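Participant: Pasting a structure here, questions to come.
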Amino acid sequence: MYGQIVRDGLVNVTGIEDLGLTSPVLQRTSDAFFKEISPFLLHFGMFVPTIIGQCTPEQQAKWLPLAMDLKIIGTYAQTELGHGTFIRGLETTATYDASTEQFILKTPKLSSYKWWAGGLGKTANHCIVLAQLYTKGVCHGPHPFIVQIRDTETHMPLPGIKVGEIGPKLGFNTADNGFLGFEDFRIPRENLMMKNAQVTKDGTYVKVARHGKLTYGTMVFVRVMLVSDMAYCLAKAVTIAVRYSAVRRQSQPKPDQPEPQVLDYLTQQHKLFICISTAHAMKLTSTWLWNTFTGVLADMRDGNTDTLPELHALSSCLKAISTSDTSALIEQCRFACGGHGYMYSSNLPALYSFATATRTYEGDYTVLLLQTARFLVKSWEQMDEGKPLTPTLAYLEQSRNGSQVSWDDSPEGIVRGFDAVAAGRIGACVKSIRKHINNGMDYEDAWQMTTVQLVGAAEAHCRAVICRVYRDETARLTAGCSPGVKAVLDQLSTLYLLYWALERTGDLLRFSSLSERDIENLQARYEALLLKIRPNAVGLVDAFDFRDEVLMSTLGSYDGRVYERLMEEALKTPLNREPVSDSFHKYIKPMMQGKL
Ligand SMILES: CCCCC/C=C\C/C=C\C/C=C\C=C\C(=O)SCCNC(=O)CCNC(=O)[C@H](O)C(C)(C)COP(=O)(O)OP(=O)(O)OC[C@H]1O[C@@H](n2cnc3c(N)ncnc32)[C@H](O)[C@@H]1OP(=O)(O)O
Ligand SMILES: Cc1cc2nc3c(=O)[nH]c(=O)nc-3n(C[C@H](O)[C@H](O)[C@H](O)COP(=O)(O)OP(=O)(O)OC[C@H]3O[C@@H](n4cnc5c(N)ncnc54)[C@H](O)[C@@H]3O)c2cc1C
């Protein structure tokens, strides 16, 4: 299995390298080789971006060509057995020895072992290691080091390195995630990635970057990329589920009628059409987020880190919500396919196992939403002090006078309704924190006591951002389209707004003048819109344009030969190679004869 995966991975990587394409394309094409993930993904997904983001030009000149030419194969080892979220609590140490101009890497105890890095188990020979930097007896916090862990000729672990694979997981079982421990392992001073901080030969620590969190830059990059990845993942799943629902016929609602396509059931449309809309919403939002990211990078190149906090808040909540929505909606696609959706050959289980992992890695859902909430509360306090708000928080102004937003069920009105919900929930959090402090709590405890509400406020802010970006970008991008295309894409973005308005009626009742009658109208409009989208449903998923080789699904292939493909795959199962398994003769027959 591992050998096959590595072969496929190299065919994929070298093939793309010959075409001179960039790593995002690599990520896309690797889907044609892997149902889960390539053992080389971390090399291009994090090892290369970290060299670019954390190394000086001189260090890049040394390491980047080796990495891009696959002369070295890398991964990103930050998480440890004992810590993943709390980076400042990482235990691996890198202590500078001025007499030899080296860092000594140590794994103090079991919980300090690096754990999880993709490709570390058997594939990588280098890795980025986040370790607590000590020099002249002072700890300067976690810093990135580039470390060779295996001999590039023999692939044997170097002396002082303990490395291996962490074992089977829910998914990602082609990623050879590994563990890594150091026993007084020495690396040259120059292996500290020195773009944001340096250690001179005599061991003097020199802080270069103005912002203390630029070391975390790779994580921001990957979070931004993951939003796009989720759109792609969900688009694959809903292509499979909609095509299958067009083939599958089941039950007899009317006695004298043939069994209908299950796609004709309103409940099936309710399960699936939000998945089509969400794939579009996340794709458009990811492009908007990428443009925001590149803008902040440009500012930072000019020495201006003022826009970084908003980017961190946006990338945190969009990564959290896109991965959470995608996991839930891929599972919904699986539910919509009945028993056959549970077959591995449908590819829905693999898509789900990949998506649900993203809710955790690169920053746990709750933790990242709390990071966004931290920014939202700070922004509210700055608004109270009369300071300007950042663009994505302009809507907070409307809440200043505390008046309730009047409900307007137009698409633009619903977007404003979500703004009001976000503003109201952030304001409620600020009120809760202040109440606890007035009752004698310190700020940290008052914050902790409000965290359930803070996670909800961050989700509401993120939903408001997605709704606004999805609506605006759809209008902008369809301006030149034919009336037919414009109408269908407008239906999808309206469906997204109606779906989430119905999901959040409690909040809208609390923070706008929404009435029970308005809710009845929303429900009726939503159901009518499902019927309008039905005739275009298969065309809409065909428009995602996935080849069968990429979908890898018995249920979702373009030709609709579902039952034939299910049987073809079943007959390939090893258990079907012989009519009678040898277990019958070894165990079952003796048992039947009372001989066990
Ligand atoms: C080829 C294409 C590839 C596409 C991608 C495809 C696949 C992905 C590739 C690989 C995926 C597979 C493997 C996964 C890899 C990993 O999981 S790597 C490990 C990831 N680990 C994490 O994400 C850990 C999450 N934890 C954190 O980020 C921090 O610990 C946390 C922010 C949660 C808390 O840290 P802490 O030091 O406690 O910070 P504070 O809460 O005190 O905040 C201090 C201030 O710093 C600001 N800040 C925090 N993080 C950032 C950041 N990333 N950028 C900018 N600023 C940041 C924070 O807002 C605070 O600011 P203020 O004090 O409020 O001003
Ligand atoms: C498939 C996969 C691949 C991975 N690949 C890599 C890799 O290549 N390199 C790498 O370095 N890491 C990798 N990771 C590790 C990943 O980054 C961590 O698992 C992730 O950051 C979560 O940290 P944790 O596991 O310590 O969870 P924890 O943070 O321990 O979370 C456990 C629970 O505690 C809660 N919690 C934690 N902190 C707080 C808080 N402050 N407030 C409220 N609740 C909190 C969480 O919400 C969660 O419910 C991978 C993980 C997975 C699943």
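Participant: Tabulate in residue order the Karplus-calculated ³J(HN,Hα) for region 270-286, using 6.51 cos²θ - 1.76 cosθ + 1.60 with θ = phi - 60°, rounded to whole Hz; enter x for Gly and Pro.
Facilitator: In residue order, the calculated couplings are 5, 6, 9, 6, 5, 5, 5, 4, 5, 4, 5, 4, 6, 5, 5, 5, 5 Hz.
Participant: On to the next question. Counting other Cβ atoms within 10 Å of each Cβ, which chymotrypsin sites (Phe, Trp or Tyr not before Pro) in region 439-507 have at most 13 and sit in a DSSP loop?
Facilitator: none
Participant: Using unit Cβ charges (K, R positive; D, E negative) and no other charged atoms, how large, in debye to the nearest 20, is the dipole of region 217-539 about its Cα centre?
Facilitator: Magnitude of the dipole: close to 720 debye.
Participant: Let me check against my output: what whole-number percent is the relative contact order of region 2-208, with C-alpha pairs under 8 Å and at least 6 apart?
Facilitator: Normalised by residue count, the contact order of region 2-208 is 21 percent.
Participant: Please list, in order along region 307-321, the HN-Hα scalar couplings obtained from phi with the Karplus expression 6.51 cos²θ - 1.76 cosθ + 1.60 (θ = phi - 60°), rounded to whole Hz, x for Gly and Pro.
Facilitator: 8, 5, x, 5, 4, 4, 5, 5, 5, 5, 6, 6, 5, 5, 6
Participant: Within region 370-413, which GluC sites (Glu not before Pro) sit in a loop by DSSP and count at most 10 neighbouring Cβ atoms inside 10 Å?
Facilitator: Glu385
Participant: Further question on the same structure: Based on the Kirkwood radius over alpha-carbon pairs, what is the Stokes-Einstein translational diffusion coefficient of region 217-539 at 25 °C with 0.890 mPa s viscosity, in µm²/s?
Facilitator: 117 µm²/s
Participant: A follow-up question, please. Express the relative contact order of region 217-539 as a whole percentage, based on alpha carbon pairs under 8 Å and six or more residues apart in sequence.
Facilitator: Relative contact order comes out at 22 percent.
Participant: In whole angstrom, how far apart do the alpha carbon centroids of region 431-489 and region 496-543 sit?
Facilitator: Their Cα centres are 18 Å away from one another.
Participant: Follow-up. Roughly what percent of Cα-Cα pairs across the chain reach past 30 Å?
Facilitator: More than 30 Å apart: 59 percent of the Cα pairs in the chain.
Participant: On average, how much accessible surface per residue is there in region 507-575, in Å², for a 1.4 Å probe, leaving out ligands, DNA and RNA?
Facilitator: Result: 58 Å² of accessible area for each residue.
Participant: Leaving out ligands, DNA and RNA, and with a 1.4 Å probe, what % of the accessible surface on the chain is carbon or sulfur?
Facilitator: 57 percent
Participant: Further question on the same structure: Counting Lys and Arg as +1 and Asp and Glu as -1, each charge on the Cβ, what is the dipole of region 239-374 about the Cα centre in debye, to the nearest 20?
Facilitator: Around 460 debye, computed over region 239-374.
Participant: At 37 °C and a viscosity of 0.692 mPa s, what translational diffusion coefficient does Stokes-Einstein give for region 287-428, taking Rh as the Kirkwood radius over Cα pairs? Give it in µm²/s as a whole number.
Facilitator: The calculation lands on 185 µm²/s.
Participant: How high is the relative contact order of the chain? Use alpha-carbon pairs under 8 Å, at least six apart in sequence, and give a whole percent.
Facilitator: With pairs under 8 Å counted, the relative contact order is 13 percent.
Participant: Further question on the same structure: Amide H of Thr554: which non-local residues (sequence gap of 5 or more, or other chain) have their own amide H closer than 5 Å, using H built in the peptide plane?
Facilitator: The list, which skips near neighbours in sequence, is Ser346, Asn347.
Participant: A further question on this structure: At most 13 other C-beta atoms within 10 Å and a DSSP loop state: those are the exposed trypsin sites (Lys or Arg not before Pro) I care about. Give me the longest piece of the chain that has none.
Facilitator: 211-399
Participant: If amide hydrogens are placed 1.01 Å from N in the peptide plane, which non-local residues have theirs closer than 5 Å to the one on Glu80?
Facilitator: For Glu80, the qualifying residues are Trp115.
Participant: Based on the Cβ-Cβ distance from Lys71 to Glu165, what FRET efficiency comes out when R0 is 22 Å, to the nearest 0.05?
Facilitator: That gives a FRET efficiency of 0.40.
Participant: Which value, in Å² rounded to 10, gives the accessible area of Met193 with a 1.4 Å probe and all protein chains present?
Facilitator: Per-residue accessible area (Met193): approximately 10 Å².
The values are calculated or read from the model by the stated rules, or taken from the named source; none is laboratory data. As the structure is a computational prediction, the values presented were derived from the model and not from experiment. Quick reminder, even Gly has a Cβ in these numbers, built from the backbone with ideal geometry, and neighbours come from all protein chains shown. These area figures cover heavy atoms from the full protein model, side chains too; ligands, DNA and RNA do not enter into them. Shrake-Rupley method; radii C 1.70, N 1.55, O 1.52, S 1.80 Å.
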